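Please read the structure below before turning to the comments.
The values are calculated or read from the model by the stated rules, or taken from the named source; none is laboratory data. Keep in mind the model is a prediction, meaning the values are calculated, not measured. Please note: Cβ atoms are built from the backbone with ideal geometry, for glycine as well, and neighbour counts cover all protein chains shown. Accessible surface is based on the protein model in full, side chains and every heavy atom, while ligands, DNA and RNA are left aside. Shrake-Rupley method; radii C 1.70, N 1.55, O 1.52, S 1.80 Å.
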Amino acid sequence: MRPFLLVSLLWAGSVTVVAQSSAPVAPSSLLLRPAAVFDGETLHTGWAVLTEGNTIKAVGPVTQLQAPAGTRTLELPGLTLLPGLIEGHSHLLLHPYNETSWNDQVLLESEALRVARATVHARQTLEAGFTTARDLGTEGAGYADVGLKQAIDQGLIPGPRLLVATRALVATGSYGPKLSVDVDVPQGAQEADGTDGIIRAVREQIGKGADIIKVYADYRWGPNEPSRPTFTQEELNLIVQTARSAGRPVVAHASTPEGMRRATLAGVQTIEHGDAGTLDVFRLMKQRGVALCPTVAAGDAISRYRGWQPGTAPEPERIRQKRESMRLALQSGVELAVGGDVGVFQHGDNLREAEQLVQNYHLSPLQVLRGLTATNARLFQLPDRGRLQPGLLADLIAVPGNPTQDIKALRQVRLVVKGGVIVKEKP
């Protein structure tokens with residue numbers, strides 16, 4: 001028994017060592033000396049950032065920062081240092097629809113396969129410079145996003161800090177997949193109706209680990225129908241009240257004026273998509289402090305999957321409609337969150353949303369860069385990130401050039417630091 005016991009102890013010890021070494025340990029401090037620092041609002045040349053553990057210790061002119069003994073200094077000539085980017089709308093458990101349709105992902109792909117693929121998506125997201133992501137629904141994969149978040153937090157896999165919405169809420173009969181009426185198939189979200197059903201579903205999702213409650217305020221009742229409102233005003237009010245009492249915000253998928261109006265009156269944090277929004281409803285959102293996450297990249301990607309190529313054919317109706325709704329949104333002054341609905345298109349290509357907002361919707365690079373950092377952090381109630389200032393999380397990235405003037409500079413991420421730990425360093 002003694003040799004067996006010795007081997008068992010050695011084996012157990014080796015497992016412990018591996019488990020402990022899987023989580024990177026932050027150095028005592030880092031001094032990062034770039035050409036410029038974008039602090040979430042303004043660009044400063046000749047500045048540097050000092051981190052200590054997992055937080056920022058000091059930010060300011062390089063001549064004024066005193067690094068303690070043992071600090072590692074990173075010289076970043078020609079680079080701009082900025083806060084880690086925040087993805088406003090992602091689905092790590094989905095992959096592009098031109099690879100596999102949404103229906104087939106929900107019905108035919110096992111949860112194990114989807115989780116394995118999602119671990120790759122998480123790494124791709126982080127390496128693209130996005131150190132935080134709102135993941136707004138597992139689309140039929142249950143509570144797999146909670147486990148994914150735990151694996152990232154425990155250092156088992158690389159990935160961004162996640163805010164997860166788990167299953168999301170839909171009115172019975174309004175979502176999909178929809179097959180024969182004789183066959184009950186797994187749905188891409190949790191069905192809930194009425195007072196008791198809604199309260200139970202919201203509480204269940206929160207109890208299972210949801211940071212956010214997502215509700216579909218409108219959707220297509222039939223496969224070839226336009227979107228229509230699903231939940232009543234009273235039901236939406238109840239969803240928000242139940243979630244708010246547990247300290248969780250609610251976000252609403254809504255593309256119709258009435259669905260957007262009801263969700264706004266209920267008090268959601270953001271409205272996702274807003275494709276057919278009117279000036280009146282955008283003004284109501286501004287008045288009520290509800291932000292719009294327009295997800296322009298998703299509609300563009302789907303239109304391309306269906307054969308549209310910009311410049312070679314007339315714009316599809318959904319693109320034309322999005323241009324008009326965005327024109328009205330900007331006219332109204334409603335605040336914009338930046339998030340692309342990534343998962344519809346390739347993870348790691350998260351910047352696609354920001355680029356299109358600049359190229360096709362006439363936002364300035366500075367406005368979009370603020371959106372990806374300080375504005376998203378404020379809108380999503382994340383006061384510990386999105387800016388470079390003492391006491392906040394040491395989540396930083398470095399890119400060449402000046403991203404306040406050229407948003408495409410964010411494509412060339414040379415350095416990613418998450419919680420004071422270097423997770424990507426590229427010459």
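Worth pointing out:
- Residue within region 291-299 that is out of contact with any Cys (no Cβ under 6 Å at 6 or more places or on another chain), part of a loop (DSSP other than H, G, I, E, B) and modelled with pLDDT of 95 or more present: yes
- When ASP275 is tested against (1) farther than 21 Å from LEU94 by Cβ; (2) touching a residue at least 24 places away in the same chain (Cβ under 8 Å); (3) in a loop (DSSP other than H, G, I, E, B), only condition (1) is not met.
- Answer residue from region 193-249, given it is under 22 Å from the mean Cα position of the chain (by Cα) and of a type in the set (Phe, Trp, Tyr) and is surrounded by the fewest Cβ atoms within 10 Å (Cβ to Cβ) among those: TYR219
- Residue satisfying condition, being of a type in the set (Asp, Glu) and in contact with an Asp or Glu (Cβ under 9 Å, 6 or more places away or on another chain), within set GLU258, GLU204, GLU191: GLU258
- Test: GLN287 is within 21 Å of ASN98 (Cα to Cα), open to solvent by 10 Å² or more (accessible area, probe 1.4 Å), out of contact with any strand residue (DSSP E or B) (no Cβ under 8 Å at 6 or more places or on another chain) and without any contact (Cβ under 8 Å) to a residue 40 or more places away in the chain: no
- Residues of region 26-35 satisfying the condition of being out of contact with any Pro (no Cβ under 9 Å at 6 or more places or on another chain), open to solvent by 10 Å² or more (accessible area, probe 1.4 Å) and part of a strand (DSSP E or B): LEU31
- Failed condition for ALA254, given (1) touching a Leu at 6+ places or on another chain (Cβ under 9 Å); (2) closer than 19 Å to ALA337 by Cα; (3) open to solvent by less than 30 Å² (accessible area, probe 1.4 Å): (1)
- Of the residues examined, LEU265 is not one that is more than 27 Å from ILE86 (Cα to Cα) and either touching a helix residue (DSSP H, G or I) at 6+ places or on another chain (Cβ under 8 Å) or touching a residue at least 24 places away in the same chain (Cβ under 8 Å) (or both).
- A single entry from ALA337, ALA329, ALA301 fulfils the requirement of being closer than 20 Å to SER255 by Cα, in contact (Cβ under 8 Å) with a residue 60 or more places away in the chain, small (Gly, Ala, Ser) and touching a Leu at 6+ places or on another chain (Cβ under 7 Å): ALA337.
- Checked against the criterion of being more than 24 Å from THR264 (Cα to Cα) and polar (S, T, N, Q), the candidates GLN309, GLN331, GLN321, GLN381 yield just one match: GLN309.
- Selection count, region 232-252, where residues are touching a residue at least 40 places away in the same chain (Cβ under 8 Å) and not polar (S, T, N, Q): 8
- ARG306 vs. criteria free of Cβ contacts under 8 Å to residues at least 60 places away in the same chain, more than 30 Å from SER29 (Cβ to Cβ) and charged (D, E, K, R): yes
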